[in-house]
Structure formats: C-alpha cells, structure tokens
Amino acid sequence: MVMYGNASTAVSFENYVNDIQGVAAFDIFVLEYPGYEDRPGSPSQSSFFSAADEAFRTLSTNQPIYLLGGSLGTGVAAYLAGTYSNKIAGVVLLSPFNRLTDVAQDRYPLLPVRLLLVDRYPSEKYLRHYYGKVGIMVDGRDDIIPEKFGRRLYDGYAGPKKLWEFRGGGHCDIMERPSKFWKEVFEFWQTNLPSGRE
C-alpha cells in the first residue's frame, strides 16, 4: 500500500509502482487522498488517516501487507503501522520526519509553530506501537524535509530497521538504480519477519 507526498497524486506516483513491480510481483494499492485529483473531501491529517483506515480494511489479509510512504505520506504510513501493527509485514519511508511540527519549526524558527500547526503527523509516536521492520531513506540535499528529521525517526525506532543514505539526493530521490534499491528493500523485509503477526 502506497502513500505519496503532498505535491503528488496517485497517478504521478506511477514510476514507483513500475519500479517495484519490475522487481517483485506485488499487488499495489496507491491511496488517493481526499481533496486530491477527483476524490471529494478536504485534505487534512484527519481525512487522510480516515481514508487510510478505509483503504487498509479493504486489503486482503491472506498475503503479507507492506507500506510505502513518501514525504508527507510517511506520516500516514507511520499511522497505519502503529494502528495495525500485527497486520503489517514491513514499512519503508522515503524522506520521512519524526514529527511534522519539528520540520515546520525548523523552517520558521521565529514563529510558534508548535502552537499553530493543526496537522502534526507525529510519526515517532505511532511507530512506538509497531515492532516490525522499518526501512528509512534520507537524502543529503533534501531542502523540503532535511535528512536530520529522518535520522531522528530512525534513531528513535526501537525495532528492526535499515537506513539508506543518498548524500547527493534531493527530496525522495533514490540515487541508485531503482531495481537495486527495491531489491534491497524486499530482502530486508523478507528476512526474519517479526513473530506474532496475524
């Protein structure tokens, strides 16, 4: 299940879908957010989480379920991981953050962002309730979500984890052959899967 970033849409995330299916025969569900493209509704943390809940409940539980989040979508993926922890086999987060409030405060240091921001996406909080494998990718030249926020999320996660670092990469920029990257992701996910998952 794929959750894209704020400036994207389900259709524009097609390149990731093609790259993933070039490596493994996965059924891929890309969540379209309320208020994006032709989906009715207003975009917000609450509406995104509700849409993610609804979509997740439609997925087949006969096969392992993996989550992919990019940018803002990493907050949605972290929410699902923490909410359905025993039903998710693995997670990968591209250009993530520990809390959106920290990213906003870093960008606007003179404003009381933590008091003003309604949509907080506290990814680190949700991942405390998930014990499976989490892969995190950070980019050294990411000027939208600087890599330090992804590193904070990585450092704070207590479960099995793997970090991919692309020093020359920009936002959500996989700086190697996609087939190599996704192969490494799947190998990480499929080795020593967490016990106790339904």
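So if I check each of VAL134, VAL118, VAL138, which one is outside any helix (DSSP H, G or I) and modelled with pLDDT under 95?
VAL118
Any idea how many residues of region 36-47 are within 13 Å of ALA10 (Cβ to Cβ) and modelled with pLDDT of 95 or more?
Of region 36-47, the ones within 13 Å of ALA10 (Cβ to Cβ) are 36-39.
If we keep only those that are modelled with pLDDT of 95 or more too, we end up with none.
Count: 0.
Is it the case that some residue within region 92-107 is without any contact (Cβ under 8 Å) to a residue 12 or more places away in the chain, under 19 Å from ALA7 (Cβ atoms) and not aliphatic (A, V, I, L, M)?
yes
Just need a number here: residues in region 57-80 that are farther than 17 Å from TYR126 by Cβ and either touching a strand residue (DSSP E or B) at 6+ places or on another chain (Cβ under 6 Å) or touching a residue at least 40 places away in the same chain (Cβ under 8 Å) (or both).
3
Per-residue answers, yes or no, for (1) under 19 Å from ILE136 (Cα atoms); (2) small (Gly, Ala, Ser):
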position	(1), (2)
SER46	no, yes
ALA52	no, yes
ALA55	no, yes
PRO64	no, no
LEU68	yes, no
GLY82	yes, yes
LYS87	no, no
VAL91	yes, no
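Got a sec? Which helices (runs of 4 or more DSSP H) wholly within region 1-109 have at least 3 residues that are under 15 Å from the mean Cα position of the chain (by Cα) and either surrounded by fewer than 16 Cβ atoms within 10 Å (Cβ to Cβ) or among the hydrophobic types (A, V, I, L, M, F, W, C) (or both)?
Answer list for region 1-109: 45-58, 72-83.
Just wondering, is there one or more residues in region 177-185 that are more than 29 Å from GLU14 (Cβ to Cβ) and of a type in the set (Phe, Trp, Tyr)?
Scanning region 177-185 turns up no residue that is more than 29 Å from GLU14 (Cβ to Cβ) and of a type in the set (Phe, Trp, Tyr).
What tally of residues in region 145-164 results from selecting those that are surrounded by fewer than 17 Cβ atoms within 10 Å (Cβ to Cβ) and within 22 Å of ARG107 (Cβ to Cβ)?
Residues that pass the stated criteria total 4.
Hey, could you check region 110-131 for residues that are in contact (Cβ under 8 Å) with a residue 60 or more places away in the chain and in contact with a helix residue (DSSP H, G or I) (Cβ under 7 Å, 6 or more places away or on another chain) and say which is surrounded by the most Cβ atoms within 10 Å (Cβ to Cβ)?
TYR121
The values are calculated or read from the model by the stated rules, or taken from the named source; none is laboratory data. Every value quoted in this text rests on a predicted model; they were computed, and no experiment measured them. All Cβ positions, glycine included, derive from the backbone under ideal geometry; neighbour counts span all protein chains shown.
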